[in-house]
Structure formats: structure tokens, C-alpha cells
Amino acid sequence: MHLLSSARVKAGESVLVHGASGGVGLAACQIARAYGLKVLGTAGTEEGQKVVLQNGAHEVFNHREVNYIDKIKTYVGEKGIDVIIEMLANVNLSKDLSLLSQGGRVIVVGNRGTIEINPRDIMTKESSIIGVTLFATTKEEFQQYAAALQAGMEIGWLKPVIGSQYPLEKVAQAHENIIHGSGATGKMILLL
């Protein structure tokens, strides 16, 4: 909810969820679809792509393919994408800017380093880059988002996808697998 409210989305707009097969990405796809958005996603495995399509995406692209950005551009045409939810900005942000529509927004959710961008890419389309973190959410906002997500689960438009499960004593291994793994499918769960 926080991701889409930060982007000021409107029904009918397009959204690209990078890393859509992970827990946050799948939830973003489901919520975006419920908002009436045209949902595109990226995933790096065949299994991940399948799960993304099953969870709200209209189309999915393999971000491991060298020319996947060209495929996205062909799919969306000259208009571009209205909102991009970015899980790995240090890898994708520069490419994201080339995909945006006029007035498009990139919502940065994740990052693991630095990246060089050309500010002219933002200027020419009058686009925005917005960083989000749950740590900056007020108690009232958190309660609103939690109530909306709970209602989504009760009604059925939000269905959390469980991925890897680890006993609590293997938390270090779980962390290593997220950092060095080939991609996630669903939300990782630690079991007590």
C-alpha cells in the first residue's frame, strides 16, 4: 500500500515491478492489479515468471535476458511506463529512467550500492525518483496500511505467497541465500 500511495497511482496507469517474484514484488503485483493498474513484472527464472503471472501481472519479462529492456519498450510503446517499483536500484535505476512515461515515477524500495544516472533522463520527462522505507511510516499510516492489507486478505485480492522456510537457528543461512541466491519466489519465512 505504501509503495503505491507514494507513487500517487491512478487506475489505468501502468506499473513495472522489478524483482516481482519475491515477497514484496508479488504483493505489489496483487495490490496494483486490485487498484486497476496495468501490471508488468520482471523475474529471473521460469518458475518466478510463472508465479508473477499467477499473482496479478499482465505480462512478465526475464531480467536475466540481455535485451529484456528492449522487450519492455516494445511492449509498452512510446508512452512508456507510469510507475516503476524498483527492488535493486543500484543495478536498474539508469535503465528505469529510459522506460518512464512523461511524468513517470520510480519508487525505490531496495538498493545495494551506487549507480550513475544522467539527470537529463529525469528532466526531459519531468519524472521523479521517490525513495520509500517502512521505517519512515507514521503509526497512523502503518495502521491504515495494515487495515487495508487485512481487508485485502479477507476479501481475497491479496494472497501472500510463502517461499523458502527456515528454522530460526538457520537465520544466517537464510540471509546468505537472499544475498547470494539467484532470486526469490515468495516471502521467506523464519520458523520458531
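The values are calculated or read from the model by the stated rules, or taken from the named source; none is laboratory data. Source: prediction; values computed, not measured. Counting neighbours? That spans all protein chains shown, and the Cβs are built from the backbone with ideal geometry, glycine included. These area figures cover heavy atoms from the full protein model, side chains too; ligands, DNA and RNA do not enter into them. Shrake-Rupley method; radii C 1.70, N 1.55, O 1.52, S 1.80 Å.
Residues whose amide H comes within less than 5 Å of that of VAL17, counting only those at least five positions distant or on another chain, are LEU40, GLY41, THR42, ILE85 (H built at 1.01 Å from N in the peptide plane).
Between ALA148 and THR114, the distance separating the two model label sites (each 7 Å from Cα on the Cα→Cβ line) works out to 3.5 nm.
Pairs of Cα atoms nearer than 8 Å and 6+ residues apart set the relative contact order; for the chain it is 23 percent. Distances between placed amide hydrogens fall under 5 Å for GLY186 paired with GLY22, GLY23, all partners being 5 or more residues away or on another chain. Placing a pseudo-label 7 Å from each Cα along the Cα-to-Cβ vector at GLU169 and LYS10 gives an inter-label distance of 5.7 nm. Taking all protein chains into account, the per residue accessible area for the chain stands at 55 Å² (1.4 Å probe). Rounded is the label for region 1-136, because the ratio a/c of its alpha-carbon gyration tensor axes (a ≥ b ≥ c) stays below 1.5.
Among the helices of the chain (complete DSSP H runs), which have Cα atoms covering no less than 18 Å along the helix axis and a Kyte-Doolittle mean of at least -0.5? The partial results should precede the final answer.
Working: long enough: 139-155 (24 Å, -0.38).
Going by DSSP H runs, the hits are 139-155.
Counted residue by residue at 0.36 nm each, then reduced by the alpha carbon distance between them, the extension gain from LYS139 to ASP70 reaches 20.7 nm.
Shape analysis of region 45-92 places it in the rounded category; the axes a ≥ b ≥ c from the Cα gyration tensor give an a/c below 1.5. Of all the options LEU37, LEU149, LEU97, the one that moves most in a Gaussian network model of the chain with Cα springs shorter than 10 angstrom is LEU149.
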